[in-house]
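Structure record follows, encoded as C-alpha cells.
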Amino acid sequence: MATKHQFQTEITQLLDLMIHSLYSNKEIFLRELISNASDALDKLSYLTLTDEKLKSLTFTPSIDIQFDETKKTITIEDNGIGMNEADMKEHLGIIAKSGTKSFLAQLSGDKKKDSALIGQFGVGFYSAFMVAHRVVVQSKKAGEDKAYAWVSEGKGEYEVGECVKDTQGTQITLYLREEEAHFASRWEIENIIHKYSEHIAFPIYLHYTESSFEGEGDDKKEVKENITSQINTAKALWKIPKAELKDADYKEFYSTLSHDNNEPMRWIHTKVEGNLEYTTLFYIPQKAPFDLYRVDYQSGVKLYVKRVFITDDDKELLPPYLRFVRGVIDSEDLPLNVSREILQQNKILANIKSASTKKILGEIGNIAKDEESYKAFYEQFGKMLKEGLYSDYENKEKILELLRFDSFKVENLSFKAYKDAMSSEQKSIYYILGENKDTLKNTPLLEKFAKKGFDVLLLSDEIDAIVMPMVGEYDKTPLRSINSKEALEELGEESIDEATQKDYEKVIKGFKEALGEQIADVKLSSLGDAPLTLIKEDSNPMMANLMAQMGQKMPESKPTLELNITHPIVKKLKSAKKDKIAQSALLLFGATLVLEGGTLENAKAFNTQLNELILQSL
Ligand code: ADP
Ligand code: MG
C-alpha cells in the first residue's frame, strides 16, 4: 500500500528550479547519485566495524549502473546502508539542513540570480529531476527485513510503499525525459564517471549487453553477451599514505593528471588534520606548460571534496603565479556541489590556498639548495616568481629569497649573496634596468658604481621594470635603481662646492624660469658625458594600480634636471645672456626628452627656438 506525501514547500520550490534547468551542466546528476551511493557504502562499512548487529554482515561494496536505451532509463544501485520508510520521508521529503532552507527562502524568482545562488549548496539527490520525469527509489536498510519504494514525478508529491528487494542497499531508477534520453548510453555514462567519479573509492561497474553474429547465411544468428566492466580505478592515489606509495606511483599519477610526457621535477604530498581536514598532492613539472603565458591557460589543479571531483577549472585554487603547478586538493570540509562563484570567497579554500602556497614555495626553496637543479627550475619558472612578487604580498619575503640575478660581477646571484658581499660603505642594493645585459654592462653610470666596488644587478627581464621598483627593500636594505636620486647621492661623487654653486646661480634661475612646471628642480652635477641629465624617480606601478582602481590617474612625476658642469656647453652658459640661457634651456631639455624617448609637450616653443638658432648661425 503506497501512501502519498507532500514535499516540504522548499523542496517543491527547489524541484521547480531544477526542472526548469537552472543547471547548465545536467550531467552532474550522476555525480550526485554516485556520491550518495558512495556515502551509503562508507556508512555501512563503518557500521560493520562498529555495530554489533551488523558485524556479521559480509559485503563487498560496489556501485552498479545499468541503462536501457529503448526504455530511456538509468539505474544506479549500491549495497550500502539503505533507507527505511522513515529515512525516505526524512531524507527524500524534507530539507533538514537549515542553511539550505534559509537559502531557499532568499530565492527571488529571478532565474538568473537564483541559478547563480543555487550552485552554492548541495542539491544532491534532487538533481535527478534535472534529467528524469520520474524517479523510483527502492531501498532496504541494512539489518532490517522490509524494503520500500519511493516514487515521484517531482511535482509536489511523492509516494512511499513496501516493495520487494532481497539485498540491502538502494537502487535508484531514472526515467529520463525525452531531451535527456541521450544519457542512457554507455559512452555518456563512462565519460561522466571518468570526469567526476574516477577516484571514488568503490568500484563502479557498468552493465550492458553486446550483440555479435555467429554463423553464415541462413544459420546466422545474433548472440547477446552480458558484460560488466569496472569504469573507475577506485583508487584515490592522494589518499594513500605516503609510506605506501612508490616514486613510480607518483610519476604514473602525474602523467594521467597532467598529460605531460616528462617526469615531474618534484612532488609534495600533504595530509592536514585538525581544524580543517584536507589532502593535497602538488607536482612541479620539469618544463613549463605550453599555455603558461596565455590568458586562457588551463588551471592545473583539481578540486575534490571527499574524493568527489568538483572542478578543474578554478584558477584561484592557487595564486595565478603558481599556475605551472599540477595537482589535487581534496577537502573533507567543503560541501559537495559548491559552486565556482562561491569558491572564490570560500574561507576553507582560502585557508587551503594560503597553506598550499607556502608549501610549494618551501619546496622551491628546497630545490634551490642544489644549484644545478635550481638553474633548471629557474629557467622555466623564474618569471613566475617575479609575477608572485607583484601579486602575493603575503609571501614577498619568501619569494625574494628565491630570486636569482646576474650582476656586474657574478651570475645567478641571490639577494642574500649580494648583501653578504656588500662592503660596510654600501648602503643599498643597486640595479640597472634595460633590455640587454651586455649593453647594460657598458653603461657609464654603472662603471662609476663598479669603481667604488658596488656591485649592480643587471635586470633585463621585461617584468623586472614593473616589479623591481616596487620591491622597496630586501632584509631592511633598500633596493635602488642606479638612476635614482638616492643611489646617486649614495655614490657620493657629487661635491659641488659653494663657489661653483654661486657661479651657476644665474643659469639655474634661467633654466627654472624657462622650463617652469615641466621640471621639479634644477641641480648641478659632474656626472656623465651629456650636458644635462633628467633624473626621474622610478615609477611605482603598485601605486599607479591603486590610483587606477580608484579611477584616478597617477600624477606624472616631474624630472629633476641636472646640469653637468664638466660639459663645455654648461661651462659657457655661465657667461651667457638671459635670453640665450632661456633658449638653451628649452632646446637642451627638449632634445634630452626626445633622446630618452619621452614626448615633447611644448613642441612649438622648441621649434621656434630651433629656427631662431639656425637663423643666427647662418
Ligand atoms: P547529501 O548527500 O548532501 O546529504 P542528498 O540530497 O544528496 O544530500 O541526499 C539526501 C539524503 O538522502 C542523504 O543524506 C542520505 O541520507 C539519503 N540518501 C540519498 N541517497 C542514498 C543512498 N543511495 N543510500 C542511502 N541513503 C541515501
Ligand atoms: Mg549527496
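Report, by residue number, each residue of segment 325-346 that is crowded, with 21+ Cβ neighbours inside 10 Å and at pLDDT 80 or above.
If the condition is that a residue be crowded, with 21+ Cβ neighbours inside 10 Å and at pLDDT 80 or above, then Val325, Arg326, Gly327, Val328, Ile329, Asp330, Ser331, Leu334 are the ones that fit.
Just to be sure before I move on: is Glu490 assigned to a helix (DSSP H, G or I), loosely packed, with under 13 Cβ neighbours inside 10 Å and at pLDDT 80 or above in the structure I sent?
no
Among the residues of segment 138-160, which ones are assigned to a strand (DSSP E or B) and either among the aromatic types (Phe, Trp, Tyr) or open to solvent by 10 Å² or more (accessible area, probe 1.4 Å) (or both)?
Matches in segment 138-160: Gln138, Lys140, Tyr148, Ala149, Trp150, Val151, Glu157, Tyr158, Glu159.
Take Leu237 and tell me if it is surrounded by 15 or more Cβ atoms within 10 Å (Cβ to Cβ) and without any contact (Cβ under 8 Å) to a residue 40 or more places away in the chain.
Here the answer is no, as Leu237 does not meet what is asked.
Here is a check on your reading of the model: is Lys71 open to solvent by 80 Å² or more (accessible area, probe 1.4 Å) and modelled with pLDDT of 95 or more?
So Lys71 passes the test.
So which of Tyr304, Tyr283, Tyr278 is under 29 Å from Ile193 (Cβ atoms), crowded, with 21+ Cβ neighbours inside 10 Å and within 16 Å of ligand 1 (Cβ to nearest atom)?
Tyr304 is the lone residue from the list that is under 29 Å from Ile193 (Cβ atoms), crowded, with 21+ Cβ neighbours inside 10 Å and within 16 Å of ligand 1 (Cβ to nearest atom).
Does segment 445-466 contain at least one residue that is more than 22 Å from the chain's Cα centre (by Cα), without any contact (Cβ under 8 Å) to a residue 24 or more places away in the chain and in a loop (DSSP other than H, G, I, E, B)?
no
Among the residues of segment 471-528, how many are in contact with a strand residue (DSSP E or B) (Cβ under 8 Å, 6 or more places away or on another chain) and charged (D, E, K, R)?
9
Hey, could you check segment 374-413 for residues that are of a type in the set (S, T, N, Q) and within 25 Å of Ala355 (Cα to Cα) and say which is least open to solvent (accessible area, probe 1.4 Å)?
Among those that are of a type in the set (S, T, N, Q) and within 25 Å of Ala355 (Cα to Cα), it is Asn395.
For residues in segment 26-51 being of a type in the set (Ser, Thr, Tyr) and over 27 Å from the mean Cα position of the chain (by Cα), which is most open to solvent (accessible area, probe 1.4 Å)?
Checked segment 26-51; the qualifying residue most open to solvent (accessible area, probe 1.4 Å) is Tyr46.
The values are calculated or read from the model by the stated rules, or taken from the named source; none is laboratory data. Keep in mind that what you see is a predicted model, and the values were worked out from it rather than measured. As a convention, Cβ positions derive from the backbone with ideal geometry for all residues, glycine included, and neighbour counts pool all protein chains shown. These area figures cover heavy atoms from the full protein model, side chains too; ligands, DNA and RNA do not enter into them. Shrake-Rupley method; radii C 1.70, N 1.55, O 1.52, S 1.80 Å.
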